[in-house]
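The values are calculated or read from the model by the stated rules, or taken from the named source; none is laboratory data. The model shown is predicted, which means the values in this text are computed figures rather than measured ones. Note that we place each Cβ from the backbone using ideal geometry, even for glycine, and neighbour counts take in every protein chain shown. Note: areas computed on protein heavy atoms with side chains; ligands, DNA, RNA excluded. Shrake-Rupley method; radii C 1.70, N 1.55, O 1.52, S 1.80 Å.
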Amino acid sequence: MFEIRIICDTADVPHVAQAVLGGVDATSVRRYPARDRTRTRLYITAEHRGSHADCTVCDQDGMTLWLLPDGSDQRRPCTGIGDEDMLAAGLLVGSRRSGPWTAHDRSTEAPF
């Protein structure tokens, strides 16, 4: 297990989160304002990507449909985090909340 700390412009959070989360299996995502209040700090606790054999978000093939910041969708590596959880953590475009997400919050249903 390891932690990734990212400081980025608040408007870039969805882009950055999707880029990073596609390469790891996240167990926790936390989002806070940076000290300058113009940027955002993301803390992602993660593990190396697993097989996703028992994943409830993807079809156990390690791939899932991602909603992209431009409104389109695309099959990309699964993070194990469903759309509702990513929205709740403020990691999708249009998210209003920015609360923390942990693996215990996982949705039990596939996002689509």
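Under the combined filter of DSSP loop state and at most 13 neighbouring Cβ atoms within 10 Å, the range 1-90 retains none of its chymotrypsin sites (Phe, Trp or Tyr not before Pro).
Near Gly22, once Lys and Arg are set to +1 and Asp and Glu to -1 for all other residues with Cβ below 10 Å from its Cβ, the sum equals +2. When all protein chains stay in place and ligands, DNA and RNA are ignored, the 1.4 Å accessible-area order of Asp85, Asp54, Asp73, Asp59, largest first, is Asp54, Asp59, Asp73, Asp85.
The listed residues Glu84, Glu47 rank as Glu84, Glu47 when sorted by accessible area, largest first, using a 1.4 Å probe.
With a Förster radius of 25 Å applied to the C-beta separation of Gln74 and Asp54, the computed FRET efficiency comes to 0.55. Applying both filters, DSSP loop and at most 13 other Cβ atoms within 10 Å, to the trypsin sites (Lys or Arg not before Pro) of the range 14-50 gives Arg35, Arg37. The residues packed around Ser51, meaning those with a beta-carbon under 15 Å from its beta-carbon, carry a net charge of -4 if Lys and Arg are +1 and Asp and Glu are -1. Figure note: Ser28, Ser51, Ser72 ranked by solvent-accessible area, largest first, 1.4 Å probe, ligands and nucleic acids not counted: Ser51, Ser72, Ser28.
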